[in-house]
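Heads up, the thing below is written out as structure tokens.
The values are calculated or read from the model by the stated rules, or taken from the named source; none is laboratory data. Given the structure is predicted, the values throughout are model-derived calculations rather than measurements. Every residue, glycine among them, receives a Cβ derived from its backbone with ideal geometry; neighbour counts consider all protein chains shown. Quick note on the areas: whole protein, heavy atoms, side chains included, nothing else; ligands and nucleic acids left out. Shrake-Rupley method; radii C 1.70, N 1.55, O 1.52, S 1.80 Å.
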Amino acid sequence: MRDRILDTLANEGILLEPEAAEMVLSRSDPLNFVRTALSSMQQQPLVLTVNDLRPYADVQVTRMVPEALEDIRQSAPAPPARSDGDVRILRDITGNSTCEGNIIDFARYFNDRFRKIKKILAQRRELVGCLPVSKATKFDREVKMVAMVNEVRTTKNGHRLIEVEDDEGRCPVLILKDSPMANECIVPDEVIGIVGKTSTKGDLVVMNELIRPDLPLRKSMRPTDSWSSVAFLSDVHIGSNTFLHKPWERMINWLRTEGRDEVQYLIVPGDVVDGIGIFPGQEDELEIDDIFAQYESLADHLKQVPDGIRIIVQPGNHDAVRPAEPQPTFPKDLTKMFDSAITFVGNPCYLEIEGRKILSYHGRSLDDWIGNVQGLSYNNPLQAMVEMLKRRHMAPIYGGKTPLAPEKEDFLVIDEVPDIFVSGHVHGAGISEYRGVRLICASTWQSQTAFQRMHNFNPVPAQMPITHLGTGETRMVDFT
Ligand SMILES: [Fe+2]
């Protein structure tokens, strides 16, 4: 692919210095990027340098590369589920990572996202008969299409102009400032359904209706005959000098006494240790400054959990696995420190326990949701989780704070509706429900850090949400 791109450019008489070639090849549509840049330059240089190209590097580029599609239209076969006792790991990236981060990978990744979410949208009555984006402006009547959002901006008259694309083309879509959708937050790289009308000039589509994939309407969780409960402990941060030893002891003591018959499963959704070198100055806030010693200490802490409770551990952004999501599970040299009552999974992960489908996601993208969507805040992460469900994607925004690995399959699409959706990361605690899905924000076992104090953020530590798998009823036990 790399050589093909450079050859094509050379045939067109375009030569690149090595650094500029790297820059071009890192774009999702390299050919288009160079051609667009050249057509905007007053004088065409003999050899293109990074400095020549830099002014054009911020221009939005296409996500899905049409010429690369022939071999990638077929998505990867779903990886097989695996079982550990009563816990079935339906899907995570562990053992299935294929990406090298090249252009084909990116095209395939965005194409898989588009295809999966389009499949959900195509079932919507409002979108029956939807057209490819390239045909949308060719008709003088109502148009319907499914597309990925490339760019959103506000025009000088206060309307919003969105550039959308599918695997065949692009099209500008206008949301008039007095339309009911004017305040809808549309984030880059989300997949939406559009019902609209072609403008009189035929150069854009005016949006009349925005269709989100969303969840089917469901009042509440359908009861099952399970008598088990699952407890959640996120963001334990072992190794930090703000780890809450006393509340942890109280929680363990509770599990051994009052809670003895109540909890059968324990899910730990990431940031299980504080890690090393995660943020500047972290060394001053560590109680244990060796990564292996942190995991050893975690193994000791989890040994205190009474026998008979199955523990599921997932990585987060502080853990010793690759930071790019989806994150595979912990390497063998760490997992061998733990006893066999522990199941290690990747992030995110679809699990099934006693017939209940649980989607566990550490929640790194909550930073991007809160930073991009008006009305969302760190005080209400559950609302951000609702936004994920509405868009059927945990982390659509590419190039934000959440590093995304372009895997063959987009593991961050919420293609299956879970019964329980749990996240951590923001160190808040809460329980909610959206269209029959139980939402859980699973607290932390770390008190306020210097960084959080500086940002005026108050965590809600030492809370343990517990969900009954039969009824879905959830309560919060306070160990402060
Ligand atoms: Fe955390």
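State yes or no: is LYS197 free of Cβ contacts under 8 Å to residues at least 24 places away in the same chain and either assigned by TED's automatic domain parsing to the domain that holds GLY470 or surrounded by fewer than 17 Cβ atoms within 10 Å (Cβ to Cβ) (or both)?
Here the answer is no, as LYS197 does not meet what is asked.
Taking helices (runs of 4 or more DSSP H) that fall entirely within segment 295-394, which contain at least 2 residues that are open to solvent by 10 Å² or more (accessible area, probe 1.4 Å) and either under 25 Å from LYS116 (Cα atoms) or within 16 Å of the ligand (Cβ to nearest atom) (or both)?
Here the list reads 366-372, 381-391.
State all residues of segment 7-28 that are modelled with pLDDT of 75 or more and either surrounded by fewer than 14 Cβ atoms within 10 Å (Cβ to Cβ) or of a type outside the set (Ser, Thr, Tyr) (or both); if no residue qualifies, say none.
Initially, segment 7-28 is screened for residues modelled with pLDDT of 75 or more, giving 15-27.
The answer is LEU15, LEU16, GLU17, PRO18, GLU19, ALA20, ALA21, GLU22, MET23, VAL24, LEU25, ARG27.
If you take the residues of segment 240-285 that are among the small types (Gly, Ala, Ser) and under 21 Å from ARG364 (Cα atoms), which of them is nearest to the chain's Cα centre (by Cα)?
Looking at the filtered set, the residue picked out is GLY270.
Return a yes/no flag: does segment 163-178 have any residue that is hydrophobic (A, V, I, L, M, F, W, C), touching a residue at least 12 places away in the same chain (Cβ under 8 Å), touching a Phe, Trp or Tyr at 6+ places or on another chain (Cβ under 7 Å) and not assigned by TED's automatic domain parsing to the domain that holds MET394.
Looking through segment 163-178, none of the residues is hydrophobic (A, V, I, L, M, F, W, C), touching a residue at least 12 places away in the same chain (Cβ under 8 Å), touching a Phe, Trp or Tyr at 6+ places or on another chain (Cβ under 7 Å) and not assigned by TED's automatic domain parsing to the domain that holds MET394.
Could you say whether any residue in segment 265-280 is surrounded by 18 or more Cβ atoms within 10 Å (Cβ to Cβ), away from the ligand (no atom under 16 Å from the Cβ) and in the same structural domain as ILE466 (by TED's automatic domain parsing)?
Within segment 265-280 (the criterion being surrounded by 18 or more Cβ atoms within 10 Å (Cβ to Cβ), away from the ligand (no atom under 16 Å from the Cβ) and in the same structural domain as ILE466 (by TED's automatic domain parsing)), the answer is yes, since at least one residue qualifies.
Quick check on my filter: what residues within segment 241-266 are touching a Ser or Thr at 6+ places or on another chain (Cβ under 7 Å) and over 26 Å from ARG438 (Cα atoms)? Even if it seems obvious, please write down each step before you answer.
Applying the first criterion (touching a Ser or Thr at 6+ places or on another chain (Cβ under 7 Å)) to segment 241-266 yields 242, 244, 247, 262-265.
Matches in segment 241-266: THR242, LEU244.
Quick grid of which residues meet (1) aliphatic (A, V, I, L, M); (2) assigned to a strand (DSSP E or B); (3) within 16 Å of the ligand (Cβ to nearest atom); (4) open to solvent by 30 Å² or more (accessible area, probe 1.4 Å):
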residue	(1), (2), (3), (4)
GLY193	no, yes, no, no
ASN208	no, yes, no, yes
ARG218	no, no, no, yes
SER226	no, no, no, no
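Go through (1) at pLDDT 95 or above; (2) over 22 Å from PHE338 (Cα atoms); (3) in a loop (DSSP other than H, G, I, E, B) for VAL236 and report which single condition fails.
(2)
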